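This report refers to the structure that appears directly beneath it.
No value in this document is a laboratory result; all are computed from the given coordinates. What you are looking at is a predicted structure, and each value in this text was computed from that prediction instead of being measured. With ideal geometry, Cβ positions are generated from the backbone for all residues, glycine too; neighbour counts draw on all protein chains shown.
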Amino acid sequence: MSPPRSRAMSDESVSWTFATNDPCSPSKKCGNSSKTKASISSASVSAGRRDTKKIIEYINQLPADRTIVVGGREATNNVEDIFRRCPNVDLIVRAEGEQTMVEIADGKPREEVLGLSYRNNDGTIVHNANRPLQHIEEIAPPDRTLRRSRYFPSLRGVRLLPMEFDTILSSRGCPYKCKFCTFNLNPLGQKREYEARSPESVVDEIAASPARMIQFADDNFFVKPSRAEKICDLLLERGIKKIYSVNARLEISKNPALLEKAYKAGFRVLLLGIESASDRILEQLDKGFNTQQIRQAFEVLRKFPFWYHGYFIYGNIGETREEMLRIPDFAHELGLHAIGLSQLHMDKFTPLRQVVENTPGYTISPNGHVYSAEFDKHQLRKIRNKIRNRFWYRPNQIQKIFTTLKNNQILTSQHVLRLGLLLPWIAWDYAAGRTERRLRRRQPSVATL
């Protein structure tokens with residue numbers, strides 16, 4: 001219920017899950033001592049932190065006569081606040097909630113369900129003990145036959161491509177210890193050691209999915225190269241022809257044979273955490289490599305026709321404007337097709353949080369964003385927009401993107417033509433969205449308690 005954040009969404013994104021019992025179920029009886037099994041409808045959303053207000057409004061529109069269950073990283077981090085802002089929410093599932101949701105659906109008394117917070121009849125909030133972390137092999141894959149919808153790349157309700165996509169989780173946790181990251185912790189600060197499912201179970205789930213495009217939600221798919229190679233071998237042996245997107249670290253460049261096999265097996269998109277174009281900032285973040293090593297890694301990576309998406313963080317401690325604005329040129333030098341930008345953000349258990357709190361002139365906002373006396377919200381927004389514009393608005397960038405999408409068979413010629421026709425509308429939608437946000441920021445705000 002609370003999957004690890006995929007860097008495909010970037011750290012500016014958060015996960016929400018909410019569920020309601022069927023309207024035919026006894027009103028507000030789900031998860032109490034009646035032991036009545038509940039028929040549950042659920043939805044999962046990954047959205048930017050700026051969209052939290054919209055999600056809250058959506059939850060508040062759900063029927064009040066149903067039991068409403070909320071989960072995900074954002075809900076786990078803000079249990080009391082969600083209960084306050086959403087009077088109709090009855091239960092909040094904290095941290096990883098696969099087993100918790102099963103027990104709720106089975107009608108187990110709510111006071112006995114680990115990892116659950118709930119609202120008592122008198123309005124008081126009760127927090128049950130945390131649930132011990134479940135071994136990943138004990139978590140059954142989702143039954144996709146129960147889905148009410150199919151999923152396609154879309155924008156504002158307009159389907160961009162006719163290719164169905166899906167997500168699969170083949171491992172949890174990360175053995176690396178980057179100071180800005182909490183991928184090796186769950187939202188409660190519990191240490192999540194790296195665990196991986198067997199290659200056979202992963203390939204079985206891939207084969208069972210009707211989607212042609214698969215996004216692995218693993219924090220780092222290639223942690224164990226021998227396991228990744230076995231998955232590739234099984235995909236090739238079974239003749240499964242799909243397209244895969246994975247998160248990875250630059251260390252994968254040390255294994256060109258695996259890269260070659262992964263490409264043959266259908267892997268086409270590598271999402272790489274680069275984080276900075278400054279050696280000083282990379283050392284501060286404890287990334288384990290410098291800019292020269294990044295360049296050396298891409299000398300190998302560019303020999304393979306993957307789509308390369310690089311993640312960068314801006315607004316780091318002591319980072320200058322010049323250091324932030326190096327990002328677009330560095331990204332082009334590496335040969336990236338796309339970039340994802342995240343403002344430095346601190347969760348409750350982020351290792352770097354204490355450093356930020358002890359650095360004069362730096363503050364952490366209620367939503368976790370880091371600001372300084374030199375760079376406030378408005379200045380960082382302007383820098384972010386400059387980075388984006390300098391990266392994307394170059395003569396050959398769009399051509400490079402479409403050429404790579406076609407040549408590595410992510411898209412057919414027909415798909416490329418469709419996107420080309422939609423490109424003016426996409427650009428207009430982006431510009432209109434920016435204008436709307438700009439106008440919204442200019443409106444006087446009303447303080448709320």
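For R156 and V355, calculate 0.36 nm times their separation in residues minus their Cα-Cα distance, and state this gained length in nm to one decimal. Walk me through the numbers before you get to the answer.
On the way: separation 199, 0.36 × 199 = 71.64 nm, distance 4.00 nm.
Fully extending the segment from R156 to V355 adds 67.6 nm.
Treating r as the C-beta distance of D65 and H378 and R0 as 45 Å, the FRET efficiency rounds to 0.55.
If you stretched the chain out fully between R85 and I401, how much longer would it get, using 0.36 nm times the residue separation minus the C-alpha to C-alpha distance?
109.5 nm
Which three numbers, in whole Å and largest first, are the semi-axes of the equivalent ellipsoid of region 276-331 derived from its Cα gyration tensor as √(5λ)? Spell out each step's value before the answer.
Values: eigenvalues 96, 31, 16 Å².
Ellipsoid half-lengths, sorted descending, are 22, 13, 9 Å.
Potential lengthening of the chain between N128 and K241 amounts to 36.2 nm, from the contour at 0.36 nm per residue minus the alpha-carbon distance.
Computed packing ranks the peptides 67-78, 214-225 as 67-78, 214-225, most packed first, by mean other Cβ atoms within 10 Å.
With the simple model of a label 7 Å out from the Cα in the direction of the Cβ, R390 to E57 spans 3.5 nm. To the nearest 0.05, how large is the calculated FRET efficiency for Y263 and T320 if R₀ is 41 Å and r is the Cβ-Cβ distance? Efficiency for this residue pair is about 0.60. Below 11 angstrom from the Cβ of P162, what's the summed charge of the other residues (Lys, Arg +1; Asp, Glu -1)? Taking every Cβ under 11 Å from that of P162, the sum is +3.
Can you pull the Rg over Rh of region 266-418, Cα-only, Kirkwood?
Details: Rg = 17.2 Å, Rh = 16.9 Å.
Here Rg/Rh amounts to 1.02.
Annotation: the antiparallel percentage among DSSP beta bridges lying fully within region 144-411 is about 25. Once both labels are positioned 7 Å from their Cα atoms along Cα-to-Cβ, the gap between R147 and R418 label points is 1.6 nm. Just how far, in whole angstrom, is region 278-314 from region 110-130 if you go by their alpha carbon centroids? When both Cα centres are located, 45 Å separates them. Taking every alpha-carbon pair under 8 Å whose residues sit at least 6 apart, region 144-411 reaches a relative contact order of 15 percent. Annotation for K254 and A207: the two label points, set 7 Å from Cα along the Cα-Cβ direction, are 3.4 nm apart.
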